[in-house]
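A short reminder: the numbers here are calculations on the coordinates, not readings from a lab. Please read these numbers as outputs of a predicted model, since none were measured by experiment. Reconstructed Cβ throughout: ideal geometry from the backbone, glycine too, with neighbour counts over all protein chains shown.
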Amino acid sequence: MYMKLMKKLIIVCVITLVIVSCNKNQIYKETISFKNYKWERLSEDKKNGNFIEFKDIDVKKIDSPYDIYLIVRHLGLINIDNVKLLIEIISPSGTKRTSNVNIKLKDRNGKKFIGDVMGDFYDVEEKVKSFMSFTETGNHTIKITNLSSSFEIIGIIDMTLKISKSELNYNI
């Protein structure tokens, strides 16, 4: 009985160690869910693009390169083949950097959904910035605006923003 308990304890410790070591370079991860699985292109006043914001991204080092990932979780009934976005990175002093991103949800032929499948859910992870450096320490905000050609994206469940230190090796 003591040996079985020790084996279970060792397995739990190894799994915990693997999980912790995999996330050691991650500085931020947040998920925003969409109400009723819809994301309208225009804001309620119909004058501006509808956006989501990831706030309080605490950047402590500006001498490290970072990778930024977006993970789109959607249903198989989603009404678009790709998600067109405007990404705006806002520094603590208010400086803004913008870029357009297009996250494909289907394969090259436009027939099958890509990404990880879990039941009726699909997760598509896209690296939207590689080896990016922040110019200031402190709390940043990343604003993501829906640029879809459809009036609304139907079938989108949530979006996750993940920022990790790049695995860039200067000694190559």
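Which of the residues spanning segment 108-146 are assigned to a loop (DSSP other than H, G, I, E, B) and either in contact with a strand residue (DSSP E or B) (Cβ under 8 Å, 6 or more places away or on another chain) or among the aromatic types (Phe, Trp, Tyr) (or both)?
Scanning segment 108-146 gives Lys112, Ile114, Gly115, Asp120, Ser133, Phe134, Glu136, Thr137.
Filter segment 133-149 down to residues that are in contact with a Ser or Thr (Cβ under 8 Å, 6 or more places away or on another chain) and within 17 Å of Thr98 (Cβ to Cβ), then give me how many there are.
So the count comes out to 5.
For Ser149, which of the numbered conditions (1) part of a strand (DSSP E or B); (2) out of contact with any His (no Cβ under 7 Å at 6 or more places or on another chain) fails to hold?
(1)
Could you please give the count of residues in segment 76-98 that are closer than 15 Å to Thr135 by Cβ and polar (S, T, N, Q)?
Residues that pass the stated criteria total 4.
Considering only residues that are farther than 18 Å from Ile57 by Cα and within 18 Å of the chain's Cα centre (by Cα), which ones fall in segment 146-172?
Scanning segment 146-172 gives Asn146, Leu147, Ser148, Ile153, Gly155, Ile156, Ile157, Asp158, Glu167.
If the requirement is being in contact (Cβ under 8 Å) with a residue 60 or more places away in the chain and either surrounded by 17 or more Cβ atoms within 10 Å (Cβ to Cβ) or on the phi > 0 side of the Ramachandran plot (or both), which of these qualifies: Ile78, Ile90?
Ile78
Can you name every residue in segment 49-80 that is farther than 15 Å from Glu152 by Cβ, not aliphatic (A, V, I, L, M) and not in a strand (DSSP E or B)?
Across segment 49-80, the qualifying residues are Lys60, Lys61, Asp63, Ser64, Pro65, Gly76.
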